[in-house]
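Peer 1: After the structure tokens below, expect a handful of questions from me.
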Amino acid sequence: MSSRIDDGVVVGVRMPFPDRDAWAPEATVRALVRCSRIQCERILVKWVKDPVTLLQSLLFPALMVLLFWLVLDRSVTDHAGSSSVFGMVPMVALIGAMSGASISGLGLRREVQSGLLTKTWTLPVHRASAMVGRLAAETVRIVVTVSAVLLVGTIIGFRISTGVLGYAAIIGVALLFGLSFSMMVTAMALLSRDSHIVEWTAIGTNLAMFFNTGFVPADAYPQWLQPIVRYQPLSCAVDAIRAFADGGPIVGPLLPTLAWSVGVAVICAGPAVVGYRVAATRR
């Protein structure tokens, strides 16, 4: 409503503002979905325009598959008695999902330090949309990364004999594993005062790459190390993906993968939410 002066008398004039058809109360599911979609798009656009993120998420895992195959395939295959690609490709796919989560954690810390997270907290949007939107962006990143690694893997001999259902199951395992790890990195990035905590997480990820069943079976490691290698999260997920790819026994590796992933997600979800609130309201 505005006003104009007509013969000395103030007369109200109704302005033709558009209807608020896209508006919804902040605490509704509709607002959560809409605001989370906007947050997801913002993060994805930011990643696409960042060369380091693209290299870490797509090019680096693809090159890792080719390099491991060129350097280690013959020796590993001779030692294990079977092609190494069926363990190596799933391992690199999962490492790519984990490494991307570390890069995302660094970006989250920059948003905290720059005050962007605080500005988002003060906007009239659903408070959970920032976290839900980030998880949605992580989902897209993991699907693209794993699909790219599997595509490169087909060049060197990796095959999914179980068809489309097997591919969907592999993506599901990678999503469950990657999102739980992303939740852990998010909690650490938000709660820790140490600016290098996410970098240390990346170092731990690289160490885990050399102590799992992706290269050789657990029996090839020293006897005292075999239980650790066999039941660590990365080994369980690698074995689950391998089983879905070649139609092998699924229940054995899938149950520990579910236990690890769900357990980490449940343990880290609360600290991540608390850390987000603390970081967003920090002055």
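Peer 1: Between Ser147 and Thr281, what length comes free when the chain is fully extended (0.36 nm per residue of separation minus the Cα-Cα distance, one decimal in nm)?
Peer 2: 44.5 nm
Peer 1: Follow-up question, since we're still on this one. Figure the gain on full extension for Arg193 and Ser114 (residue separation times 0.36 nm, minus the Cα-Cα span) and round it to one decimal in nm.
Peer 2: 27.0 nm
Peer 1: Roughly what would the spin-label model give for Lys46 and Leu258, points 7 Å off Cα along C-beta, in nm?
Peer 2: Going from the Lys46 label point to the Leu258 one covers 3.5 nm.
Peer 1: Further question: When only alpha-carbon atoms are used, what values of Rg and Dmax, in angstrom, describe region 37-281?
Peer 2: 18.3, 61
Peer 1: Separate question: Show me, for region 99-105, the HN-Hα J-couplings you get by feeding each phi into the Karplus relation (A = 6.51, B = -1.76, C = 1.60, θ = phi - 60°), rounded to Hz, glycine and proline as x.
Peer 2: Here the 3J(HN,Hα) series is 5, x, 5, 5, 5, 4, x Hz.
Peer 1: Ranked from highest to lowest mean number of other Cβ atoms within 10 Å per residue, what is the order of the peptides 29-39, 230-240, 102-112?
Peer 2: So the peptides 29-39, 230-240, 102-112, ranked by packing, come out 230-240, 102-112, 29-39.
Peer 1: Each label point is 7 Å from the Cα along the Cα-to-Cβ direction; what then is the distance between the points at Tyr231 and Arg37, in nm?
Peer 2: With each label placed 7 Å out from Cα toward Cβ, I get 4.5 nm.
Peer 1: Here is a further query. Only Lys, Arg, Asp and Glu count, each charged at its Cβ (+1, +1, -1, -1), so figure out the dipole size of region 106-202 about its Cα centre, rounded to 20 debye.
Peer 2: 180 debye
Peer 1: What ³J(HN,Hα) values, in whole Hz, does the Karplus curve 6.51 cos²θ - 1.76 cosθ + 1.60 give for region 239-256 when θ = phi - 60°, with x put for Gly and Pro?
Peer 2: 5, 5, 5, 4, 5, 5, 6, 9, x, x, x, 9, 4, x, x, 6, 4, x
Every read-out reported here was derived from the displayed coordinates using simple, explicitly stated rules and does not represent laboratory data. Just so you know, these numbers come straight off a predicted model, no measurement behind them. A quick note on method: Cβ atoms are made from the backbone with ideal geometry, for glycine too, and the neighbour counts reach across all protein chains shown.
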